[in-house]
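Q: Let me begin by handing over the structure; questions about it come next.
Each reported figure results from applying straightforward, stated rules to the coordinates on display, with no laboratory input. In this text, all values refer to a predicted model and were calculated from it rather than measured experimentally.
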Amino acid sequence: LDEFKKYALANKIDDRIISFLNFRPKLLHKIDKNSPSWPSPRSWDIADKLLKADLTVDPAIGSGV
């Protein structure tokens, strides 16, 4: 999580994502074989772009996260 936080701060990832991952660090990377998308460092980066476009993050990190 520390490495991702360094990346996130350097790349201006939305504070809500950083705060959420501080609260639920196990969701930084959690593969769900039954879902086409799941949380990973790459998908959190995509989720940031979706948030900034006022779109839902579900396509990037999966629903229910």
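Q: By how many nm would the segment from Asp54 to Asn22 grow when fully extended, if each residue of separation counts as 0.36 nm and the alpha-carbon distance is taken off?
A: Details: separation 32, 0.36 × 32 = 11.52 nm, distance 2.22 nm.
Contour length minus Cα-Cα distance gives 9.3 nm.
Q: Kirkwood Rh, the chain, all Cα pairs: how many Å?
A: Details: mean 1/r = 0.0854 Å⁻¹.
One decimal place: 11.7 Å for the Kirkwood radius.
Q: Please give every one of the lysines within straight-line cross-link reach of Lys12, meaning a C-alpha to C-alpha distance under 19 Å, and leave out same-chain neighbours fewer than 8 residues apart.
A: Lys49, Lys52
Q: What number, in percent, do you get for the relative contact order of region 2-61 if the mean sequence gap of Cα pairs under 8 Å and at least 6 apart is divided by its residue count?
A: On the way: 51 pairs, mean separation 16.2, N = 60.
Relative contact order comes out at 27 percent.
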